[in-house]
Amino acid sequence: MDQNFTRSVLSWYDAGHRDLPWRRTKDAYRIWVSEIMLQQTRAETVVSYYERFLARYPDVRALADAPEEELLKAWEGLGYYSRARLLQKAAREIVSQYGGELPADLQKLRALPGVGDYTSGAIASIAFGIPAAAVDGNVERVICRYFAISEEMGSPKSRRMIHELAQSLVPPDRPGAFANAMMEMGATMCTPKSPSCLLCPVRAGCKGYAQGMAERLPVKPKKKAQRVETRCVMLVFCQNRVLTVLRRERLLGGLSVFPDAVGALSPAQMCAALEALGVSAVYDARLGCAKHVFTHLIWEMEIHAFVADAPTDVPDGRWVNADELAALPMPTAVKAARRLAEEALTRANA
């Protein structure tokens, strides 16, 4: 263990850090929920979701018993909805296998759905005081810079190397505080761009700083270019209701969206696409456009209105009024279309 590093990071953390609600508890369930929410999401965004989520699902059993649509609605806006489904799947395993309590065992935690090396290490160290490393992107960056690791990240070899180095730094007496301190270091001090090296508590021993290469580390593989996909979103109105459908594709699967089709389609082509769903509707107007960026994909959406004579049955479809539309779990990708639908329904009811 590099005791100077560990002592310096802990002293820096003890002197002051962000007051985040999940740092005020040792409850394993609450820590687990926070760590899942924090995946791919900034802490500032998570705070309000975290507190509302725990008010609705205060323990593992409440989460395990939640209807999926209600759960997805509670998760709405956080994105990466598979996290919510895996969270519930793990909750059901915890109820059936561990009596509703998260196991105080690193390997058993690691085996839960949606819980990887980082999350299991965070829960084990913070909730149970187990000296386990918790290596997320922030911690990876701190380790790479401190030890001047120039190998490209992402390979099993590099991940194993980073984890072993991080594990060697964990103090057996304060593993939870150290886990939080390392995350705080990466988030506020050793940031991806313009790190505060002159203020860093471990600058004296940092090989990356000494070699003038800290900002260039870690070395990440080049990202693939995002594919751009044009889509036509079809808002079909009938008797003060709008048609929604349950998306079955892997991306955003299980969430309610509006009928759509890939490509820059003419009104006649969109009507034909609706006919294929079993909906006879006439074209009304173009309402607007929207763009949504996923990790690997960009949707460029044209939003159009249609009018149907009667609310026909549609596979996985639901004709909803304004209140029902507001209650549905819908992805941020269709936020603009949802707003336009709500405005149209409100005008119709005025």
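All conditions in (1) among the hydroxyl-bearing types (Ser, Thr, Tyr); (2) modelled with pLDDT of 95 or more; (3) open to solvent by less than 70 Å² (accessible area, probe 1.4 Å) hold for Ser155, with the sole exception of (2).
This table checks each residue for (1) farther than 27 Å from Glu324 by Cβ; (2) under 18 Å from the mean Cα position of the chain (by Cα).
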residue	(1), (2)
Lys26	yes, no
Arg30	yes, yes
Ile36	yes, yes
Glu51	no, yes
Arg56	no, no
Leu72	no, yes
Leu109	yes, no
Gly114	yes, yes
Tyr118	yes, yes
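Within the stretch 172-185, can one find any residue that is outside any helix (DSSP H, G or I), open to solvent by 10 Å² or more (accessible area, probe 1.4 Å) and touching a residue at least 24 places away in the same chain (Cβ under 8 Å)? Yes - at least one qualifying residue is present in the stretch 172-185. Here Ile162 meets the list (1) within 25 Å of His296 (Cβ to Cβ); (2) not in a helix (DSSP H, G or I) almost entirely, failing just condition (2). Of all residues in the stretch 23-41, those satisfying the criterion of being open to solvent by 20 Å² or more (accessible area, probe 1.4 Å) and either closer than 27 Å to Cys144 by Cβ or touching a His at 6+ places or on another chain (Cβ under 7 Å) (or both) are Arg23, Leu38, Gln39, Gln40, Thr41. The set of residues in the stretch 191-204 that are part of a helix (DSSP H, G or I) and either surrounded by 14 or more Cβ atoms within 10 Å (Cβ to Cβ) or touching a Ser or Thr at 6+ places or on another chain (Cβ under 8 Å) (or both) comprises Cys197, Arg203. If you filter the stretch 101-122 down to residues that are touching a Phe, Trp or Tyr at 6+ places or on another chain (Cβ under 9 Å) and touching a residue at least 40 places away in the same chain (Cβ under 8 Å), you find that the one that is farthest from Leu246 (Cα to Cα) is Ala104.
The one condition from (1) under 29 Å from the mean Cα position of the chain (by Cα); (2) in contact (Cβ under 8 Å) with a residue 40 or more places away in the chain; (3) surrounded by 14 or more Cβ atoms within 10 Å (Cβ to Cβ) that Ala348 does not meet is (1). Each residue in the stretch 1-22 was checked for being open to solvent by 60 Å² or more (accessible area, probe 1.4 Å) and assigned to a loop (DSSP other than H, G, I, E, B), and 5 of them qualify.
Condition test on Leu72, is it aliphatic (A, V, I, L, M), under 30 Å from Pro331 (Cβ atoms) and touching a residue at least 60 places away in the same chain (Cβ under 8 Å)? It is true that Leu72 is aliphatic (A, V, I, L, M), under 30 Å from Pro331 (Cβ atoms) and touching a residue at least 60 places away in the same chain (Cβ under 8 Å). Looking at the stretch 255-331, the strands (runs of 3 or more DSSP E) lying wholly inside it that each contain 2 or more residues that are of a type in the set (D, E, K, R) and open to solvent by 30 Å² or more (accessible area, probe 1.4 Å) sit at 281-293, 297-308. Listed by position, the helices (runs of 4 or more DSSP H) enclosed by the stretch 42-124 that each have at least 2 residues that are open to solvent by 60 Å² or more (accessible area, probe 1.4 Å) and at pLDDT 95 or above are 43-56, 60-65, 82-98, 106-110.
The values are calculated or read from the model by the stated rules, or taken from the named source; none is laboratory data. All values derive from a computational prediction rather than experimental measurement. Virtual Cβ from ideal backbone geometry, glycine too; neighbours counted across all protein chains shown. When the accessible area is computed, the model is the full protein with side chains, heavy atoms only, and any ligands, DNA or RNA have been set aside. Shrake-Rupley method; radii C 1.70, N 1.55, O 1.52, S 1.80 Å.
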